[in-house]
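To keep things clear, I will list the structure first and then write my remarks on it.
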There are 6 protein chains.
Amino acid sequence: MSQVAGRMAVQAGACALEWEQGGRGVLIGGVPGVAPARVVILGGGTVGFNAAQMAVGLQADVTLLDRDPAVLERLSNHFGASVRAVYSNRTTIEEHIYHASLVIGAVLIPGAAAPRLVTRAHLAEMLPGAVLVDVSIDQGGCFETSKPTTHADPTFVKEGIVHYCVANMPGAVPHTSTYALNNATLPHVLALADKGWRQALRDDPHLRAGLNVCAGRVTHPAVAQALGYPVAAADDLLAGP
Amino acid sequence: MSQVAGRMAVQAGACALEWEQGGRGVLIGGVPGVAPARVVILGGGTVGFNAAQMAVGLQADVTLLDRDPAVLERLSNHFGASVRAVYSNRTTIEEHIYHASLVIGAVLIPGAAAPRLVTRAHLAEMLPGAVLVDVSIDQGGCFETSKPTTHADPTFVKEGIVHYCVANMPGAVPHTSTYALNNATLPHVLALADKGWRQALRDDPHLRAGLNVCAGRVTHPAVAQALGYPVAAADDLLAGP
Amino acid sequence: MSQVAGRMAVQAGACALEWEQGGRGVLIGGVPGVAPARVVILGGGTVGFNAAQMAVGLQADVTLLDRDPAVLERLSNHFGASVRAVYSNRTTIEEHIYHASLVIGAVLIPGAAAPRLVTRAHLAEMLPGAVLVDVSIDQGGCFETSKPTTHADPTFVKEGIVHYCVANMPGAVPHTSTYALNNATLPHVLALADKGWRQALRDDPHLRAGLNVCAGRVTHPAVAQALGYPVAAADDLLAGP
Amino acid sequence: MSQVAGRMAVQAGACALEWEQGGRGVLIGGVPGVAPARVVILGGGTVGFNAAQMAVGLQADVTLLDRDPAVLERLSNHFGASVRAVYSNRTTIEEHIYHASLVIGAVLIPGAAAPRLVTRAHLAEMLPGAVLVDVSIDQGGCFETSKPTTHADPTFVKEGIVHYCVANMPGAVPHTSTYALNNATLPHVLALADKGWRQALRDDPHLRAGLNVCAGRVTHPAVAQALGYPVAAADDLLAGP
Amino acid sequence: MSQVAGRMAVQAGACALEWEQGGRGVLIGGVPGVAPARVVILGGGTVGFNAAQMAVGLQADVTLLDRDPAVLERLSNHFGASVRAVYSNRTTIEEHIYHASLVIGAVLIPGAAAPRLVTRAHLAEMLPGAVLVDVSIDQGGCFETSKPTTHADPTFVKEGIVHYCVANMPGAVPHTSTYALNNATLPHVLALADKGWRQALRDDPHLRAGLNVCAGRVTHPAVAQALGYPVAAADDLLAGP
Amino acid sequence: MSQVAGRMAVQAGACALEWEQGGRGVLIGGVPGVAPARVVILGGGTVGFNAAQMAVGLQADVTLLDRDPAVLERLSNHFGASVRAVYSNRTTIEEHIYHASLVIGAVLIPGAAAPRLVTRAHLAEMLPGAVLVDVSIDQGGCFETSKPTTHADPTFVKEGIVHYCVANMPGAVPHTSTYALNNATLPHVLALADKGWRQALRDDPHLRAGLNVCAGRVTHPAVAQALGYPVAAADDLLAGP
């Protein structure tokens, strides 16, 4: 679903930049003679990578920020000069969002609340009509001013900045999302059906890593930390007969 | 403006494909494991070329049809395997639009009415929720069922097919369009201001080629033919003192 | 050798598609104005990846099917829109091979018999003169109708479909294959010569992973399973003095 | 047809390089660790351009020679570092063919005999088992040792060098060639049928440029020169009532 | 020679940016995590195109300015998103050079003095240690503060800005330049030797276009205008017996 | 820093190839009609990869040699036909350096002395004016004739071959290098400051892997081997209270 959301973030942002939607009225890739819009992507995981692919494909001027040197190297090698891969800190974030037409928040920390990278105070320094797309909205959002919206009414304007914060972005393309989800989950569903949940979780570390709660205990470290519960070892809970 | 319209056609089409807009609910570029949407572009001029650039950039499965072998060769050399450049005739058009999620009509014959390439009867054979974007709408449209729409209400559904027929597409991105228009017209404006219209038109064959009416006579061959007027030679009308 | 076989599969298929060889008489990459041939590659391992590289290079219309989401994502990121990376199941295989001019079977399960992905019944639905290249022939083939052939007489026609099933494909390009094999094996050969087989196998887990039989016992899990023998732990057999 | 022939030249050459066909036994694109084969293309017109596209696509090490600086610049800009575009003269031809595994002769001078760029004496200096593909064979061939062959028996070996000199290369892929030919000729056929030959030739300078003989007189300058006839002006012969 | 100069401009600029040379001490392409240097190229002719190719190749952040919409479109289509092709005027020039690490002046008006695009006053607004490479120095230079330098001492610093103004840039790579020059001029030299200068000039419009002075009269319009002489028609002067 | 050094190696080599610097006077990427210079890169680690990116970007004719098949495969997949990835041994090194204009030594064995891949005897067989850039100079250099130089006087000529052996290459671009270094080290610096060195080393295996000496004992295996000391286990030395 992160792939779908990352790819959709760019087309949603491109449409929100249209004048009618309250945006700056810029074409994301410009045209020969007119420079393209600046797109800033916060986070270089699956969402950020897929967003970068689409933004580059539309010929935008793309900067991606992340804190992990290994991620920056991999992205830089993949995209070459078509994406600026920049180390993320307060200074570089501010430096880049103030000139951006589109900022995509793609900072997902599994199970934990997203960090607030762009505050209300930042908005006043941004270009009027710039667009924020908050893909992290399902985990609270990475912009201070984000609040969940729906596909029926996807955007709102605050401090002159257009916010797109649809909570279930893949829902807009159910045809694609259903197949993508099936491809990812069907093998697990078959294992659960064939072996029973306990054995299936024992056999497959990837499936087990997705276990949040078992026998009334929180087994996922990030969930436990976010909610203030102790974390229980999945292995122990699954070990019984 | 053709560059702007061609590029916008793809993002408008991508958004119209969303379920909420009445579209098929497919993501134009698919995701790994799920094949991308088929995009068919009718016409390989400036509009079609720019649309193809953006559609390829979004990783769609793109076919472009045109009747001019030189255009097909140039496009094929430019895009390589990422665009199928196919000779356009009734058979190939039908073959391709029946499997397409997005059809972009980009057939512009300067000054003349656009040919009706997709008829009402074709719509019944197309995929439900497929999207037609008619960039030729300013010259009557190249789909039989097209009628002009506005940015405030850009689409309508007919026979299960979503139609996007905004008459002034570049108006959605006025920031970009204004600069693009200035770049293209400012040299002519300066020439008109500096030399007067008659001398400016005499000196510049490109400007003269854009003259439609002069001294009450139609000087543009395609306009004359479309409206049933005789065509007058611009050179003669400009020759006077 | 998988690299050589994967790359050769495309040139062998391209030649087998020629009319004189019994093929459909299509040029794999088409020409401007004429759509390219559809190439379907079953399996995204080393063979499939190398075949995809060559097929894209010849500007074919390439679809690659695999069951592993991680493989699909890696291939999709590598090839972008020039290869459709599709999740493999009975439905998608049938959907794609019925329109294909060239199908390359590249499903290799180490030590095990290849699964029969294309049956005799499928052939009747395929395009007459389509070509099957079975790179899995060394492990029994992944097409039901495959039987091994030689470089001297590489193809046969069954049910109107051309089969290329040369058992030792790299043998066609011995100059390249010899160097490739030397590069891959020389370090192991030197280790075996310097240290003796037992110590060399103890020191290098990659070499040990290639051990099939030791002290009369089958040590490779896939071989053991395919032949119905119990599997013995290589570590134990090598531990002795 | 030049597009088809240029593209086929590479796949024909790749197959002829196989050991079984008498070739050097090299894989045209090599594999990681083993350098690719050197491919030399003589002539940068439509045939040479299409051959270069395919050879680059197969990851060969490609050098293209031509005498026209404008052609070299265009090819160099198109292919970047993946094709060496080298000025063609006796020295550079010899320098390059002596290290080549595949030499493609693509020197077509419309209506005239092809120049003999590679002589019998050159063959002794070439790599044993190298392959010559003579696309110019229809105009006498650009290799001294060429003589026409057929798809049924496409190659012969002379001085240790494999010659592929099929006179009608596009005949191997009739499905593709027929469509390509239709696309190119149908508009002319319709014009001839609608207007009669005389008027059609008068109206269309491209069609007229293809006129070889009219009213018993040779009208094509190159044909006239090659055959020793005087050249007659097509315009005059067509002017009559 | 413009090709050589354009390509050299980037490597000369990259080296002049080193700290030891007085430059800003930035690596032109940055590294993963550190944004690349901004390179601004003034002029999109042969020099500018070749400079852009190399700057993009080094993964710089490249903007190219030109006044001709057709040039901007061609460059934009060629480079896609890796070069911003921007319409050149006073505003856009200032906007871009003030953030640039490297500015390449590639404005060549054949036979005329180069326009002064960057003035002394501009230098104070530029980044300290930025580099100017003036490829137009042979025609007076397009930076106000340029004065010719030599390969032995190629740069000087003025107002904190490094100037590279070597008058004969191709002289640094005589091996390459000699071959390039031979390729371009040998056909003309042979024509002059074979036919005599008068006939050679009559026969070849390209050669004739290079004629500056004939029979004591200036025949090149731009030279005549720059020096204040009347321009004589080459055709008339060559017509004599 | 390896990224900076690898990228700088190419621009340093390009400049050293200029005639004024004692080089062959070739432009690294050639121009249309004149073949590019051959660049040979010894070693496919971070330095070699970054050097290859830049050399390809300048359109050089690049060969990279390495002994690790996995490295060769990864590089070959990344660069496709634009870099020849060749298995490194005495024969292939000699084969390639004798025709090279630029050889970049990028063989870094962590903590150990670099192997001497190019000897004094090799120099006599190389092209006069060829350039060696020894990025391994900090570990003794991988060319027999290397000796450290400085940015103030970066090259010397020995046996007609230009040597660039600056010991601290990133020092030439301190602006870029400082940021790159900060990005890589700041997280470690913060951990050291927050937790104390002992705990920081205990918690982070990457940091611990960089520990060379602890409590008077050599803890890095390669350093110990190179200097003839016994190696101590870092884990034990850090375990104390």
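Here are the numbers for this structure:
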item	result
E:Ala100, sole failed condition from (1) touching a helix residue (DSSP H, G or I) at 6+ places or on another chain (Cβ under 8 Å); (2) of a type in the set (Gly, Ala, Ser); (3) within 27 Å of A:His96 (Cβ to Cβ)	(1)
Selected residue (only one of A:Val223, A:Val218, A:Val231, A:Val213 is aliphatic (A, V, I, L, M), outside the structural domain of A:Gly6 (by TED's automatic domain parsing) and in contact (Cβ under 8 Å) with a residue 40 or more places away in the chain)	A:Val223
All positions within region B:210-225 that are within 13 Å of B:Pro110 (Cα to Cα) and surrounded by fewer than 18 Cβ atoms within 10 Å (Cβ to Cβ)	B:Gly210, B:Leu211, B:Asn212, B:Pro221, B:Ala222, B:Val223, B:Gln225
Check on F:Leu237, of a type in the set (A, V, I, L, M), at pLDDT 90 or above and out of contact with any helix residue (DSSP H, G or I) (no Cβ under 9 Å at 6 or more places or on another chain)	no
Test: residue in region D:22-42 that is closer than 29 Å to D:Asn183 by Cβ, more than 9 Å from every other protein chain (Cβ to nearest Cβ) and assigned to a helix (DSSP H, G or I)	no
Filtered residues of region A:140-155 (kept if closer than 15 Å to A:Ala130 by Cα and part of a strand (DSSP E or B))	A:Phe143, A:Thr155
Test: F:Leu211 is outside any helix (DSSP H, G or I) and hydrophobic (A, V, I, L, M, F, W, C)	yes
Among the residues listed as F:Thr119, F:Thr91, F:Thr155, F:Thr149, the single one being of a type in the set (S, T, N, Q), closer than 29 Å to C:Pro187 by Cβ and either at pLDDT 95 or above or in contact with a Pro (Cβ under 6 Å, 6 or more places away or on another chain) (or both)	F:Thr119
Counted residues, region B:163-174 - those being over 16 Å from the mean Cα position of the chain (by Cα) and either free of Cβ contacts under 8 Å to residues at least 24 places away in the same chain or within 14 Å of chain E (Cβ to nearest Cβ) (or both)	1
Filter result for F:Val86 (surrounded by 15 or more Cβ atoms within 10 Å (Cβ to Cβ), in contact (Cβ under 8 Å) with a residue 24 or more places away in the chain and assigned to a strand (DSSP E or B))	no
Positions within region D:193-208 being part of a helix (DSSP H, G or I) and either touching a residue at least 12 places away in the same chain (Cβ under 8 Å) or within 25 Å of D:Gln139 (Cα to Cα) (or both), in sequence order	D:Arg198, D:Ala200, D:Leu201, D:Arg202, D:Asp203, D:Pro205, D:His206, D:Leu207, D:Arg208
Residue satisfying condition, being away from chain A (no Cβ under 14 Å), closer than 28 Å to A:Ala52 by Cβ and not in a strand (DSSP E or B), within set E:Leu108, E:Leu127	E:Leu127
Count - residues of region D:158-183 that are loosely packed, with under 15 Cβ neighbours inside 10 Å, in a helix (DSSP H, G or I) and of a type in the set (A, V, I, L, M, F, W, C)	0
Residue within region B:72-82 that is crowded, with 17+ Cβ neighbours inside 10 Å, assigned by TED's automatic domain parsing to the domain that holds B:Glu18, modelled with pLDDT of 95 or more and in a loop (DSSP other than H, G, I, E, B) present	no
Those residues of region A:11-21 which are without any contact (Cβ under 8 Å) to a residue 24 or more places away in the chain and either more than 7 Å from chain B (Cβ to nearest Cβ) or crowded, with 21+ Cβ neighbours inside 10 Å (or both), in sequence order	A:Cys15, A:Glu18
Residue match in region F:175-189 (condition: more than 14 Å from chain A (Cβ to nearest Cβ) and at pLDDT 90 or above)	yes
Every residue from region A:79-96 that is farther than 28 Å from A:Thr119 by Cβ and more than 7 Å from every other protein chain (Cβ to nearest Cβ)	A:Phe79
Answer residue from region F:140-156, given it is surrounded by 15 or more Cβ atoms within 10 Å (Cβ to Cβ) and within 15 Å of the chain's Cα centre (by Cα) and is farthest from F:Ala12 (Cα to Cα) among those	F:Gly140
From D:Met8, D:Met1, residue being within 30 Å of D:Pro221 (Cα to Cα), within 14 Å of chain C (Cβ to nearest Cβ) and either surrounded by fewer than 24 Cβ atoms within 10 Å (Cβ to Cβ) or in contact with a Pro (Cβ under 6 Å, 6 or more places away or on another chain) (or both)	D:Met1
Residue that is in contact (Cβ under 8 Å) with a residue 12 or more places away in the chain and over 21 Å from E:Met1 (Cα atoms), where the choices are E:Leu132, E:Leu117	E:Leu117
Of the criteria (1) facing another protein chain (nearest Cβ under 7 Å); (2) buried (at least 24 other Cβ atoms within 10 Å of the Cβ), which one C:Pro69 fails	(2)
Residues of region C:43-66 satisfying the condition of being within 14 Å of chain D (Cβ to nearest Cβ), outside any strand (DSSP E or B), on the phi < 0 side of the Ramachandran plot and not aromatic (Phe, Trp, Tyr)	C:Thr46, C:Val47, C:Asn50, C:Ala51, C:Ala52, C:Gln53, C:Met54, C:Ala55, C:Val56, C:Gly57, C:Leu58, C:Ala60
Filtered residues of region C:198-209 (kept if more than 14 Å from C:Ala239 (Cβ to Cβ) and surrounded by 13 or more Cβ atoms within 10 Å (Cβ to Cβ))	C:Ala200, C:Asp204, C:Leu207
Failed condition for C:Ile28, given (1) within 19 Å of C:Ser101 (Cβ to Cβ); (2) surrounded by fewer than 24 Cβ atoms within 10 Å (Cβ to Cβ)	(2)
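The values are calculated or read from the model by the stated rules, or taken from the named source; none is laboratory data. All of these numbers come straight from a predicted model, not from anything done at the bench. Here the Cβ is made from the backbone with ideal geometry for all residues, glycine too, and neighbour counts use every protein chain on show.
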